[in-house]
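Let me begin by presenting the structure, written as structure tokens, before commenting on it.
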Amino acid sequence: MKTNYLKKASLFAVAGLITSTAFAQQNTTTVEGTTPLGSSSEYRTWSIGVNAGILNQSNIFGFNRAGFDKLDHNVGYSAYIKKQISPSFGIKAQYLGGKVSGTNENAAAGTVSAFETKMPWSAALSGEFTLANTNWRFFNSIIKPYASIGLGALNFETTTTVDGTASTADSQTKLYVPIDAGFKFAVAKGINIDLGYQLNWANQDFDGVPAGQYKNDLFSYAHAGLEIALGDGSKPYLGNSNPVGTLVKKYDELKAERDALVASNEALKSELAGISSDLNDDDGDGVANKFDKCPNTPAGVKVDGAGCPLPEIKHETKVVEKIVVTEEDKKVVDEAIKNLEFDLGKATIRSTSYESLNRVAALLIEKNFSLKLAGHTDNTGSMQTNLRLSKERAESVKSYLVSKGANASRIEATGYGPNQPIATNKTAEGRQQNRRVEFTLY
């Protein structure tokens, strides 16, 4: 029977290793809501465990045997509470109970031929090391090998049989040393399946055999059970977490933010390049490229608002006219200002403004007035964008009036951006008043 038990125990250990290898690359989500170098308050740090298994006086390693050739496999049970100090280390208080028994069929006369030791209770304090939580390659594996060692007090009562006569010694409480190792399977957030094998070094009176070859008695406990984290279920369990996993998650978040900023920066560069090109005046005639309908005008040639050369004046006689602007003239201009509308964020004049602008053009032609157009904006957006938009809108009105026959040389178009507000920019009504094109006849 001892041989069969050893085979089963060995198969158990091998199965654990194969399972660990097969699933080591799978990850569990145990880093949400945590930060690199964050405090333990981001995690659940307390857990409880319960398990049951087989107790006997053999072990799979073959050392420190007590000489009983027929071993009994008895049910054992255990429970513990654990405080996780770090992802890879915790301290647990464990209870272990059950009984251990065995028979020596070849016992000599006057020696112990059988024993049964009952363990009503035991209490041990152990340090537990979780190895998977320090692995930099599989930073959050489902399978987590662990090992623990501790020191505790074991209460036991031993009954021995000598030459067919059974006798029970008084109950004793002695120190014992538990060493446990196994695998924990992170099957859910904060829940682990625990498969382990525990060796326990007890006092030499444990099996009732007088001191001989071995100073201490050794018994084993192969067990399976559950470990459950306590506390807020929205937090990850520290015993299933790995600092490397938290760092990798934070790196991914920062990389995504950086990529977004780089893309935004490239878009702004492209926009600024387009604005710069629109405001350039390559031929130096005073009309920006965007509005220059006659590019490459020779230097020194006078041009109209569209950038085209003005007709040459052949007579030298100058006629000085006295310009008189009447109230009716001002009314025509005021109506044009009131009705002037552009597409949102653009310099394109809406068709609803054409009729009143036509009257202004007719007035300029009829009375040979000069006209100053001043474009203004509110302070929303950048200074460069607002200067460009105000200039474009003033130039757009000039181009329209020239297209209707007005003298381009008598029309001046200037953009002031947000620099000359007539109302506060803190309210929507004030900003609306500041977005305007002023007409000044002279």
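So in segment 417-429, with the set limited to residues that are open to solvent by 60 Å² or more (accessible area, probe 1.4 Å) and not β-branched (Val, Ile, Thr), which one is farthest from residue 342 (Cα to Cα)?
426
If I ask for residues that are open to solvent by less than 60 Å² (accessible area, probe 1.4 Å) and outside any helix (DSSP H, G or I), which ones from segment 346-361 would you list?
Selection gives 347, 349.
Would you check if there is a residue in segment 371-382 being assigned to a helix (DSSP H, G or I) and open to solvent by 10 Å² or more (accessible area, probe 1.4 Å)?
no
Of all residues in segment 272-316 being open to solvent by 60 Å² or more (accessible area, probe 1.4 Å) and under 15 Å from residue 387 (Cα atoms), which is modelled with the lowest pLDDT?
For segment 272-316, the residue satisfying everything is 277.
When residues of segment 404-416 are filtered for being open to solvent by 50 Å² or more (accessible area, probe 1.4 Å) and closer than 19 Å to residue 339 by Cα, how many remain?
1
For segment 166-211, which residues satisfy the criterion of being assigned to a strand (DSSP E or B), among the polar types (S, T, N, Q), within 23 Å of residue 68 (Cα to Cα) and open to solvent by less than 50 Å² (accessible area, probe 1.4 Å)?
The answer is 172, 198, 200.
Is it the case that some residue within segment 413-421 is closer than 22 Å to residue 331 by Cα, without any contact (Cβ under 8 Å) to a residue 40 or more places away in the chain and outside any loop (DSSP other than H, G, I, E, B)?
There is no residue in segment 413-421 that is closer than 22 Å to residue 331 by Cα, without any contact (Cβ under 8 Å) to a residue 40 or more places away in the chain and outside any loop (DSSP other than H, G, I, E, B).
The values are calculated or read from the model by the stated rules, or taken from the named source; none is laboratory data. Owing to the predicted nature of the structure, the values given are computational and were not obtained by experimental measurement. Note that we place each Cβ from the backbone using ideal geometry, even for glycine, and neighbour counts take in every protein chain shown. We work out accessible area using only protein heavy atoms, side chains counted, and drop any ligands, DNA or RNA first. Shrake-Rupley method; radii C 1.70, N 1.55, O 1.52, S 1.80 Å.
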